[in-house]
1. Given a Förster distance of 41 Å, report the FRET efficiency between B:E62 and A:E92 from their Cβ-Cβ distance, rounded to the nearest 0.05.
2. So if each residue of separation counts as 0.36 nm, and I subtract the Cα-Cα distance between B:A159 and B:R192, what length gain in nm does that give?
3. With charges only on Cβ, +1 for K and R and -1 for D and E, what is the dipole size of the protein assembly as shown about its Cα centre, in debye, rounded to 20?
4. Enter the Cα centre distance for the pair segment A:1-68 and segment A:89-104, rounded to the nearest angstrom.
5. Using Cβ counts within 10 Å as a stand-in for footprinting exposure, how do B:S68, A:S49 rank, fewest first?
6. Towards the positive end of the charge dipole of the protein assembly as shown, with charges on Cβ (+1 Lys, Arg; -1 Asp, Glu), say which of B:V141, A:A6, B:V178 has the farthest Cα.
7. Hey, got the dipole for chain B? About the Cα centre, +1 on K and R Cβ, -1 on D and E Cβ, debye to the nearest 20?
8. Which lysines have a Cα lying under 23 Å from the Cα of A:K98, excluding residues fewer than 8 positions away in the same chain?
Amino acid sequence: MIRVFAALVARDLRLAGRVGGSGALSLVFFLMIVALVPFALGPDLNLLSRIGPAILWLAAVLATLIGLDRLFQADDEDGSLELMTASPAPLEIVVLAKVCAHWLTTGLPLALASPLFGLLVALDGPATAATALTLLVGTPALTFVGAVGAALTASIRRGGLILAVLVLPLMIPTLIFGVSAAQAALGGTIPFATPLTILSGLSLIAAVVGTLAAAAALRWGE
Amino acid sequence: MRLIVDNLAVRRSGRRVFAGLSFALGAGEALAVTGRNGAGKSSLLAVLAGRLRPAAGRVAAEGVGEASIPECLHVVGHRDGLKGALTAEENLAFAQALLGAPRLAPKAALERLGLAHARALPVAYLSAGQRRRVALARLLVSARPLWLLDEPTAALDAASQDLLAGLMDEHRAGGGLVVAATHQSLGLADARELRIGAAPQPEAAP
């Protein structure tokens with residue numbers, strides 16, 4: 001079972017690194033959104049640094065959606081998913097491995113690159129570090145919630161838009177606690193740790209529920 | 001292993017594809033499923049593979065312990081399950097890790113199929129016949145008793161068809177089972193034939 005998990009993660013990482021992988025693309029999309037905001041708001045540094053964490057989080061939510069629609073669809077089209085259902089490992093392990101690989105190629109680079117993008121919205125050192133930490137803890141929740149939508153739309157052609165409509169409302173709690181944790185680090189009455197622990201709780205719940213739900217959706221879709 | 005199909009009926013989007021299908025297949029036996037286009041050959045294979053729920057009847061396997069039927073079989077069908085961006089060898093190594101019960105190394109399996117030279121090429125660069133041979137090489141990298149083949153000779157040249165017949169004979173000599181949906185003779189010695197014939201009848205409106 002561990003071997004199947006490792007083989008799947010290695011395969012998906014390798015595929016992401018070859019032609020047509022979406023990891024770098026979602027990072028560029030993240031950069032684009034963050035870079036657009038100062039142009040729209042004008043050069044008001046105080047305003048920018050106040051709403052900076054919110055901008056980074058919104059950009060992260062949107063960038064997570066990039067490539068998510070192909071998470072199971074690509075494997076459904078060429079018959080790989082059929083091959084995976086013939087594996088002795090349960091479908092939940094397959095889903096968990098694929099989502100982990102997806103997070104490693106989209107969510108993790110996003111969190112790691114966010115200090116750099118924090119400069120564009122005039123965040124200072126501690127605020128940048130806090131936002132990066134909330135993204136690191138919170139993006140798994142986004143990916144796992146998105147995986148359920150990806151599994152539901154796996155057999156629908158051009159399911160990307162349906163996927164976004166399905167999963168964006170479910171990402172709201174993660175967004176709320178992600179932004180409030182980052183804002184708490186900027187100063188305020190709430191200690192930083194409170195929203196951060198809720199955020200990590202959300203990620204853990206999403207990992208369990210998302211894996212089971214996505215596997216059930218794939219079985220149901222067969 | 002022994003495969004038992006009892007009074008199977010399949011319905012797809014309200015139309016009965018076939019009904020009352022029964023057969024049993026023991027170790028070393030082969031079954032050629034024939035019938036015109038749309039008769040339900042692929043549907044039968046999908047039911048056997050556990051991907052499609054039958055409307056009635058049952059499929060059972062004996063003598064495989066606790067393994068479920070999908071864990072006992074290889075499927076080679078129209079969708080080949082290969083990733084174009086990965087090389088032939090990487091695809092096979094992944095299939096081996098995924099399916100378990102390793103037999104031949106990916107390299108040796110490709111050599112058996114006459115594709116040793118294409119080992120390090122991305123599958124997207126291969127021709128349809130070569131892709132099919134890479135998919136067939138999957139049969140060799142991990143040992144499973146039941147082979148479900150859907151039009152296995154599609155896109156294969158004559159030499160490769162002979163090669164496939166040899167592989168199937170070898171598999172059956174080792175106690176394996178083969179179920180193949182086909183329009184052509186596959187060169188299977190003493191294979192039984194199951195003809196799915198009747199035209200699909202629309203159900204009367206309830």
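Computed from the coordinates by the stated procedures, all read-outs in this text should not be read as laboratory data. Fair warning: this is a prediction, and the values are worked out from it, not measured in the lab. No Cβ is skipped: glycine too gets one built from the backbone with ideal geometry, and neighbour counts run over all protein chains shown.
1. Rounded to the nearest 0.05, the efficiency is 0.90.
2. Gain on extension, B:A159 to B:R192, equals 9.5 nm.
3. Dipole of the protein assembly as shown, to the nearest 20 debye: 440 debye.
4. If we compute the Cα centre of each part, the gap is 20 Å.
5. Exposure proxy ranking, most exposed first: B:S68, A:S49.
6. With unit charges placed on the Cβ atoms, the residue in question is B:V178.
7. The dipole magnitude comes to about 600 debye.
8. Answer for A:K98, where 23 Å is the Cα cut-off: B:K83, listed by chain and number.
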